[in-house]
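> Supplied in structure tokens, the structure appears directly below.
The values are calculated or read from the model by the stated rules, or taken from the named source; none is laboratory data. Source: prediction; values computed, not measured. Cβ placement follows ideal geometry from the backbone for every residue including glycine, while neighbour counts extend to all protein chains displayed. When the accessible area is computed, the model is the full protein with side chains, heavy atoms only, and any ligands, DNA or RNA have been set aside. Shrake-Rupley method; radii C 1.70, N 1.55, O 1.52, S 1.80 Å.
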Amino acid sequence: MSLKIIASIVLAANLILVDRTVHAEQFAFHFEFAQPSEGLRPQGEPATLALTVTALDGRRVAEGWVAVRLDAPPPNWLFSTDFPVVEGSRLLEMRLPLINGKVEWRQVFPIRGDYRLAAEFASSAGVKTNKVFGFRVHEKDQKWLVLGGFALGLFITGVIAGRVFSAPRDGAGTLLGLWFYLILTWSAAAGESAWAQEDHKRNYISKIDVAPATVGRPARIHWWLHPAGVNGEFSAKLTLSITHQEKNKLIFSLEKIPVAGEFALDYHFTDGNDHRVIAVAETEDGATVRQEETVSVTAVAPSLRTKLPPLFLFLAVIAVGLLAGRWSRKAGGSKLRSAEGRRSQA
């Protein structure tokens, strides 16, 4: 092969790469919440997340797909969240078609911390661009008040116990010692798939498959709808929702997304309770097909690593209270002995 042919091939490859890069730079991502993000709280009301894809001139892109991945905040070295197993895990992964240049969904955030949202857009011509967004979910104010009150209670308990243990033993001291022991002991402790029934009236068959769900990792949810006795693809608008059955609370939803008969996503059930997945499809011929599935989620106990740091902190608070109690008892005894000595000399 001559040098001219090789040079031509390299030049053509470079031109293709440059052309794809230029096309990729012609798109821009915009991420927003329907409500102020400062008001986001763990286990609060569902937040509406929206990703908009535009050209550089600001016009929304009409066609294409957006792949979404949402990751939970990383573990905290001291205080874990309400769901330690969820920390640092994948919460959601799905691929949505653009509707008026935008994709959106509603979701409840399980824990506090810094979330990571990765989005990749693929145009109808196959050109791709991606971007990573970050946002913070703040802890509820009452949680910090409860934590502060609990730590103060442990400190006061330590102070009282320190004073009692520094005094001659009596019945009250024994009872308080027993109470102190109980406080320490308490601190230390501190997807099946199913076939849907056939809709004979509208002649559609719907199905939801949910992989075995376990807290700590996403489970695959696969829905499809098919006209009985008809081959080939067809389109419908799908509304998919996930509800926490015990709380009767919506925790995730997609509204009327166009699908070609099926849809799948990976969703992390972060609470070890039963959930209900509901799919409602509106077909081109005006039929409405509803299918729901109850998902039993397997709970997972947090690791010892997440329990030890707060346990040691609480024990340290009690220890500081003990020292403060002993010091106050001895200081009070010294003052009393000095006063008695002055009275005897007088």
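> Simple spin-label model, 7 Å along Cα-to-Cβ: Glu45 to Ser235 in nm?
According to this spin-label approximation, the distance is 3.4 nm.
> So, one more: If I ignore ligands, DNA and RNA and count only protein heavy atoms, how much of Lys128 is accessible to a 1.4 Å probe, in Å² to the nearest 10?
120
> Return the long-range amide H neighbours of Leu225 (sequence gap of 5 or more, or a different chain), with a cut-off of under 5 Å between placed amide H atoms.
Residues meeting the amide H criterion: Glu262.
> How far, in nm, would the chain grow between Arg136 and Arg90 when pulled straight, counting 0.36 nm per residue and subtracting the alpha carbon separation?
15.0 nm
> For the stretch 25-90, run through the GluC sites (Glu not before Pro) and keep only the ones in DSSP coil with at most 15 other Cβ atoms within 10 Å of their Cβ.
Loop-located and lightly packed - Glu25, Glu63.
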